[in-house]
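**Student:** One structure coming up, written as structure tokens, with questions to follow.
The values are calculated or read from the model by the stated rules, or taken from the named source; none is laboratory data. Every value quoted in this text rests on a predicted model; they were computed, and no experiment measured them. Every residue, glycine as well, gets a Cβ built from its backbone with ideal geometry; the counts of neighbours run over all protein chains shown. Please note that ligands, DNA and RNA were not included when accessible areas were found on the heavy atoms of the full protein model with its side chains. Shrake-Rupley method; radii C 1.70, N 1.55, O 1.52, S 1.80 Å.
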Amino acid sequence: MLKENQDYIIQPRTVTIGDIVFKQDEVIKVLELSPSTVKLLRYSTGEIITVDKRAIEIVV
């Protein structure tokens with residue numbers, strides 16, 4: 001279960017969610033949760049993006 005203001009590591013492999021590619025071992029931070037989406041910070045690029053919550057839950 002994801003929690004706000006928590007860091008997570010993408011595992012176990014590189015994955016594409018929509019048009020966004022997350023690399024294995026990339027660190028992300030969950031900023032906001034909604035029932036179906038997650039707003040997160042990609043430390044590697046400094047981007048703040050919104051993605052499908054279920055997809056992120058599978059890869060962290």
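**Student:** Helix-derived [θ] at 222 nm for the chain: sum -39500 (n - 2.57) over DSSP H runs of at least 4, divide by residue count, nearest 500?
**Tutor:** -3000 deg cm²/dmol
**Student:** So what J values fall out for region 26-35 if you push phi through Karplus, 6.51 cos²θ - 1.76 cosθ + 1.60 with θ = phi - 60°, rounded to Hz, Gly and Pro as x?
**Tutor:** 5, 9, 10, 10, 7, 9, 9, 10, 10, x
**Student:** Taking trypsin sites (Lys or Arg not before Pro) that fall in a DSSP loop and have at most 14 other Cβ atoms within 10 Å as cut points, what is the longest piece of the chain between them?
**Tutor:** So the longest stretch without any such site is 24-60.
**Student:** Do any GluC sites (Glu not before Pro) in the chain lie in a loop, going by DSSP, with at most 12 other beta-carbon atoms within 10 Å of their beta carbon, and if so which?
**Tutor:** For GluC sites (Glu not before Pro) across the chain that sit outside H, G, I, E and B with at most 12 neighbouring Cβ atoms in 10 Å, the list reads Glu4, Glu47.
**Student:** I've got another one for you. Among the chymotrypsin sites (Phe, Trp or Tyr not before Pro) in the chain, which ones are in a DSSP loop with at most 15 other Cβ atoms within 10 Å of the Cβ? Mind listing them?
**Tutor:** Those satisfying the criteria are Tyr43.
**Student:** Another question about this same structure. Can you classify the chain as rounded, prolate or oblate using the Cα gyration tensor, where a ≥ b ≥ c are the square roots of its eigenvalues, rounded means a/c under 1.5, and otherwise it's prolate if a/b beats b/c and oblate if not?
**Tutor:** It comes out rounded by the Cα gyration axes.
**Student:** At 1.4 Å probe size, with no ligands or nucleic acids counted, give the accessible surface of Ser36 in Å², nearest ten.
**Tutor:** 70 Å²
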